[in-house]
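These notes are about the structure you will find just below.
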Amino acid sequence: MIHINTEQELMAKLEALGEMDEETRNDVVCSLLGHSNIQKTSLGYYYCARCDEQVGDALCGIYDSSDVVVIGHDCPTCRANYEKLDWRHKIFAPDPFTRKLKTDKENAS
């Protein structure tokens, strides 16, 4: 297993792989570092916000999300969890506290 200790080491590995699209880059990053604790949820399932892979299933109560930062939540728990995350979880993951505003066209539909 490759151990990457710094963001600079990760960037050197990515550069050595050559040019790639964002989706491929994010898949590679999760393969090298592990999935981010910044996650999306949908119908009881949790997904890595960086690569969109399913990482948990809370439907049966078997996924511990106590350390997770959920995209779109701006609660004290998610804020506290975010402060605990290191660069490995934050790199190439979206800002979990930025809300996407709907355009007029999206509001009309």
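Once phi is turned into θ = phi - 60°, what whole-Hz ³J(HN,Hα) does the Karplus curve with 6.51, -1.76 and 1.60 give for every residue of the range 2-10, x standing for Gly and Pro?
Result, rounded to whole Hz: 7, 9, 10, 9, 9, 5, 5, 4, 4.
Among (1) 1.14; (2) 1.02; (3) 0.92, which is the computed Rg/Rh (Cα atoms, Kirkwood Rh)?
Step by step, Rg/Rh (Cα atoms, Kirkwood Rh) for this structure corresponds to label (2).
Short version: ³J(HN,Hα) in whole Hz for each residue of the range 66-71, in order, from phi by Karplus 6.51 cos²θ - 1.76 cosθ + 1.60 (θ = phi - 60°), x for Gly and Pro, what are they?
5, 9, 8, 10, 8, 4
What number, rounded to the nearest 500 deg cm²/dmol, is the helix-based mean residue ellipticity at 222 nm of the chain, given -39500 (n - 2.57) per DSSP H run of at least four residues and division by all its residues?
Estimated from H runs of four or more residues: -10000 deg cm²/dmol.
When only C-alpha pairs under 8 Å and at least 6 residues apart count, what is the relative contact order of the chain, in percent?
22
Along the charge dipole of the chain, pointing to its positive end and built from +1/-1 on Cβ of Lys, Arg, Asp and Glu, which listed residue (Asn5, Val69, Cys30) has its Cα farthest out?
Of Asn5, Val69, Cys30, it is Val69.
Quick one: if the Förster radius is 22 Å, what FRET efficiency do Thr98 and Leu43 give, using the C-beta to C-beta distance and rounding to 0.05?
Taking R0 as 22 Å, the efficiency between Thr98 and Leu43 is 0.45.
If amide H atoms are built 1.01 Å from N in the plane of the peptide, which residues on other chains or at least 5 residues away come under 5 Å of the amide H of Tyr45?
Placed amide hydrogens put Ala58 under 5 Å from Tyr45.
Could you work out how far apart the two model spin labels at Ser31 and Ala58 are, taking each label as a point 7 Å from the Cα in the direction of the beta carbon, and quote it in nm?
For Ser31 paired with Ala58, the spin-label model returns 3.0 nm.
Could you compute the longest span of the chain free of GluC sites (Glu not before Pro) located in DSSP loops and having at most 14 other Cβ atoms within 10 Å, not counting the site residues?
My reading of the result: 54-109 is the longest stretch.
Starting from the 7 Å offset along Cα-to-Cβ, what nm value, one decimal, do you get for the label separation of Arg79 and Leu17?
3.5
In debye, nearest 20, what is the charge dipole magnitude of the range 7-97 about its Cα centre with +1 on Lys and Arg Cβ and -1 on Asp and Glu Cβ, if you could check?
Its charge dipole is roughly 280 debye.
Mind sorting Cys48, Cys78, Cys60 by how few other Cβ atoms lie within 10 Å of their own Cβ, fewest first?
Ranking Cys48, Cys78, Cys60 by Cβ neighbours within 10 Å, fewest first, gives Cys60, Cys78, Cys48.
Bear in mind that the values in this text are calculations on the coordinates, not laboratory data. Computed from a predicted structure; not experimentally measured. Counting neighbours? That spans all protein chains shown, and the Cβs are built from the backbone with ideal geometry, glycine included.
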